[in-house]
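Below is one structure, written out as structure tokens, with a few remarks after it.
The values are calculated or read from the model by the stated rules, or taken from the named source; none is laboratory data. As the structure is a prediction and not an experimental result, all values here were calculated from the model. All Cβ positions, even for glycine, are placed from backbone atoms using ideal geometry, and neighbour counts span all protein chains on display.
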Amino acid sequence: MKTFAAGLLCLLLPVAPAWAAEAPMQVYTRAAQSLDGEWKVIVDPYENGYYNYRYQPFDQQADPPKGAYFRDAKPESPTDLVEYDFDTAMSLQVPGDWNTQDPRLYYYEGSVWYRKKFDAPARRPTDRAFLEFGAVNYRADVYLNGRKLGVHEGGFTPFRFEVTDRLRPRGNSLVLKVDNRRRADGVPTLNTDWWNYGGITRSVGLVVVPEVFVRDYRLALASLADREVAGRVQLDGARGGEEVSVALPELGVRQRVRTGADGQAEFRFRVPGARLWSPEHPQLYRIEIASGSDTLVDRVGLRTIATRGRQLLLNGEPLFLRGISVHEEYAADGGGRVRDAGQARRLLERARSLEANFVRLAHYPHNEHMARLADEMGLLVWSEIPVYWTIDWANEATYRNAEAQLEAMIGRDRNRASVIIWSLANETPVSDARNRFLSRLAARARALDDSRLLSAAMEKHYREDDPDMAVVEDPLAELVDLVSFNQYIGWYDGTLDKIDRVRWQIPYDKPVFVSEFGADAKQGLHGDAGAIWTEEYQAELYRRTLRMLDRIEGFAGTSPWILSDFRSPRRPLAGVQDGFNRKGLMSEKGEPKQAFHVLRDYYRQKAGNAPP
Ligand code: GCU
């Protein structure tokens, strides 16, 4: 989304979120001054630091009073009335949700003010500086040294503000008003089956770059047969005609190209000696993109993903997705949102222990560590925007929000070999407005990245004349490459015996992917396989469901719901759920249930390395 370079004008005018896309910026491998750690916070349910008593926003006044929390003000005399003080306020850790850091905030939905004081790093006079936010859920109003930088909406995608001319050498005050209230016109909307973790949930950094720098690039294996790599570099600050060199040193490749007036330069070269990336051989190569005094270094894998009829093809070879769905939650230590690469790695290691080769990162873009670790570990990835359930389909601002989140997701991760599927939506009710919304989104996704597959989790229904014939038929299936759907036969839909009776009608010449199935089980609760909530019931549902799925023509894989139990406000059953959705194959602490072993044994057979 567009960020506004704040100026006095901005303080005079409302800074409404404008859903123009913000150009991606690759910062993960750049040196940055971390602003993670302790931030001072003020919980502000009445937004007293944002509105005056007439409910007018302070930041739309020409000269906001000290009572505006973003002023980070101090009394200047014994009678100077300032009714807040960040320095004596409570603290929270960034990155991290507030819900699991302080029991008083467990259920809190509202605004929290965050403040970080920092000194600017040394830099050349012509250098430029950007504040980079990994993600803030849900809306962030951002101020630096008392002046508004802008607003960002969307709880799971990165954003940034250029602050080159706003930094002081010392004593900068960075203030965010973070508001996690759910919105009917939001993305996601009011109703979700996951915890609404609020806060600065991912890292914050200050990135200093040369006046002209390598802002973004994209690269893909354009031709498998010719081992031809094609891509594009985007400079920022360019005037056109700059030389850019693109090198894969380990493959002896270096190509020099020149930018056009738009600061872009295309490259194309062959890499005959390259080893293709795959889950079995997650080969990554160093890439160096240099222009002027700037060099961006990254690590990339080379592979292709395609479909041929009902067959999925990775590097031209048939592929079966041995998957599992994953929420971005690490509750093992009592926490909530994944906070760092270590927790991300532990989640992916849990998935790998299932003999999985695929993770469906539900239902929103996860932190950037996940796809990068998946690149290293050899896990394929489904990445998704939170167009979930009953979105406000007819609202243009809602569409622009979804599109901005799609652009940020693709812009951040489109160089990750592990990511093979962009997902547009989850379980969205069919309507004309929804079809138009998703059709626009699909077209935008294809325009941004034609090297990956599109999908979305649809729903099934039954034929009226045959209650045991399940049908997947959805206009969305025409727009995507993989026909994916969620089904809960034996849980929300009938009991275990129904699984053995149901047959499937899926009238598309495309691969079929079952993006969810499962049942709740409390880890350690045992009983007859016919009794729900027991591990035995969940295990039996897995055994029967896997047999049923293997009978589906074009069945190309599945990502059962879900790796670990996770928090949800929709799961109150005391003694069993206790605020957790218990469909995990593991408890939230990582304790495996019987169904874990059922799926792992199935995947071992699929991988061809089943024990005798
Ligand atoms: C739905 C939905 C999930 C939800 C799950 C459940 O399919 O996609 O987000 O958690 O079912 O009800 O457990």
Given PRO121, PRO125, PRO103, which one is surrounded by fewer than 15 Cβ atoms within 10 Å (Cβ to Cβ) and closer than 29 Å to ASP294 by Cα? PRO125
So, first residue polar (S, T, N, Q) in the stretch 132-156, second residue assigned to a strand (DSSP E or B), Cβ within less than 7 Å, six or more apart or across chains; the pairs are ASN137/GLY199; ASN145/ASN172; ASN145/SER173
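Of everything in the stretch 373-390 that's in a helix (DSSP H, G or I) and surrounded by fewer than 24 Cβ atoms within 10 Å (Cβ to Cβ), which residue is farthest from the ligand (Cβ to nearest atom)?
As a first pass, look at the stretch 373-390 and keep what is in a helix (DSSP H, G or I): 373-377.
From what's left, surrounded by fewer than 24 Cβ atoms within 10 Å (Cβ to Cβ): 373, 375-377.
Values: LEU373: 23, ASP375: 26, GLU376: 28, MET377: 25 Å.
Top of the filtered list is GLU376.
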Go through (1) farther than 30 Å from GLN283 by Cβ; (2) touching a helix residue (DSSP H, G or I) at 6+ places or on another chain (Cβ under 8 Å); (3) crowded, with 18+ Cβ neighbours inside 10 Å one by one and return the number of the condition MET370 breaks. (1)
Could we say that GLY199 is at pLDDT 95 or above, under 28 Å from the mean Cα position of the chain (by Cα) and either surrounded by fewer than 18 Cβ atoms within 10 Å (Cβ to Cβ) or within 14 Å of VAL136 (Cα to Cα) (or both) here? yes
Test: residue in the stretch 51-63 that is part of a strand (DSSP E or B) and outside the structural domain of THR295 (by TED's automatic domain parsing): yes
Any chance LEU525 is away from the ligand (no atom under 12 Å from the Cβ) and either surrounded by fewer than 20 Cβ atoms within 10 Å (Cβ to Cβ) or assigned to a strand (DSSP E or B) (or both): yes
Looking at the stretch 469-522 only, could you name the residues that are of a type outside the set (Gly, Ala, Ser), over 23 Å from PHE437 (Cβ atoms) and either modelled with pLDDT under 95 or within 16 Å of the ligand (Cβ to nearest atom) (or both)? GLN487, TYR488, ILE489, TRP491, TYR492, ASP493, VAL514, PHE517, ASP520, LYS522
How do the pairs read when you match residues in the stretch 558-578 that are farther than 26 Å from ALA457 by Cα and assigned by TED's automatic domain parsing to the domain that holds TRP491 with residues anywhere that are within 12 Å of the ligand (Cβ to nearest atom) and outside any strand (DSSP E or B), using Cβ under 9 Å and keeping only pairs 6 or more apart or on different chains? LEU573/ASP520; LEU573/ARG582; VAL576/ASP520; VAL576/ARG582; ASP578/ARG571
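Of the residues PHE70, PHE156, PHE130, which single one is part of a helix (DSSP H, G or I) and not hydroxyl-bearing (Ser, Thr, Tyr)?
PHE70
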Being surrounded by 20 or more Cβ atoms within 10 Å (Cβ to Cβ) and farther than 30 Å from GLU403 by Cα is true for just one of VAL82, VAL27, VAL112, VAL41. Which residue is that? VAL41
Within the stretch 290-320, work out how many residues are of a type in the set (Gly, Ala, Ser) and either on the phi > 0 side of the Ramachandran plot or not in a strand (DSSP E or B) (or both). 5
The stretch 391-425, residues that are under 30 Å from TYR217 (Cβ atoms), in contact with a Phe, Trp or Tyr (Cβ under 9 Å, 6 or more places away or on another chain) and within 16 Å of the ligand (Cβ to nearest atom): ILE421, SER423, ALA425
Subset of the stretch 271-309 [more than 29 Å from the chain's Cα centre (by Cα) and surrounded by 14 or more Cβ atoms within 10 Å (Cβ to Cβ)]: VAL271, ALA274, SER291, GLY292
Do you know which residues across the stretch 452-477 are over 21 Å from THR390 (Cα atoms) and under 26 Å from the mean Cα position of the chain (by Cα)? ARG452, LEU453
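Can you tell me how many residues within the stretch 528-545 are within 16 Å of the ligand (Cβ to nearest atom) and at pLDDT below 95?
The qualifying residues number 0.
Of the residues ARG254, ARG275, ARG218, which single one is within 30 Å of ARG352 (Cβ to Cβ), at pLDDT 95 or above, part of a strand (DSSP E or B) and not assigned by TED's automatic domain parsing to the domain that holds MET377?
ARG218
Okay, residues lined up against (1) under 11 Å from ALA417 (Cα atoms); (2) touching a helix residue (DSSP H, G or I) at 6+ places or on another chain (Cβ under 9 Å); (3) in contact (Cβ under 8 Å) with a residue 24 or more places away in the chain; (4) hydroxyl-bearing (Ser, Thr, Tyr):
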site: GLU266; (1), (2), (3), (4): no, no, yes, no
site: ALA274; (1), (2), (3), (4): no, yes, yes, no
site: PRO279; (1), (2), (3), (4): yes, yes, yes, no
site: LEU284; (1), (2), (3), (4): yes, yes, yes, no
site: GLY292; (1), (2), (3), (4): no, no, yes, no
site: LEU296; (1), (2), (3), (4): no, no, yes, no
site: VAL300; (1), (2), (3), (4): yes, yes, yes, no
site: ARG308; (1), (2), (3), (4): no, no, no, no
Residue that is surrounded by the fewest Cβ atoms within 10 Å (Cβ to Cβ), among those in the stretch 435-468 that are within 16 Å of the ligand (Cβ to nearest atom) and more than 11 Å from LEU424 (Cα to Cα): HIS461
Complete set of residues in the stretch 550-595 that are among the hydroxyl-bearing types (Ser, Thr, Tyr) and either under 26 Å from LYS606 (Cβ atoms) or away from the ligand (no atom under 15 Å from the Cβ) (or both): THR558, SER559, SER564, SER587
Identify the single condition in (1) more than 30 Å from SER111 (Cα to Cα); (2) touching a strand residue (DSSP E or B) at 6+ places or on another chain (Cβ under 8 Å); (3) crowded, with 18+ Cβ neighbours inside 10 Å that GLN255 does not satisfy, given that it satisfies every other one. (3)
Can you pull out the residues in the stretch 28-62 that are at negative phi, touching a residue at least 24 places away in the same chain (Cβ under 8 Å) and of a type in the set (D, E, K, R)? ARG30, ASP36, GLU38, LYS40, ASP44, ASP59
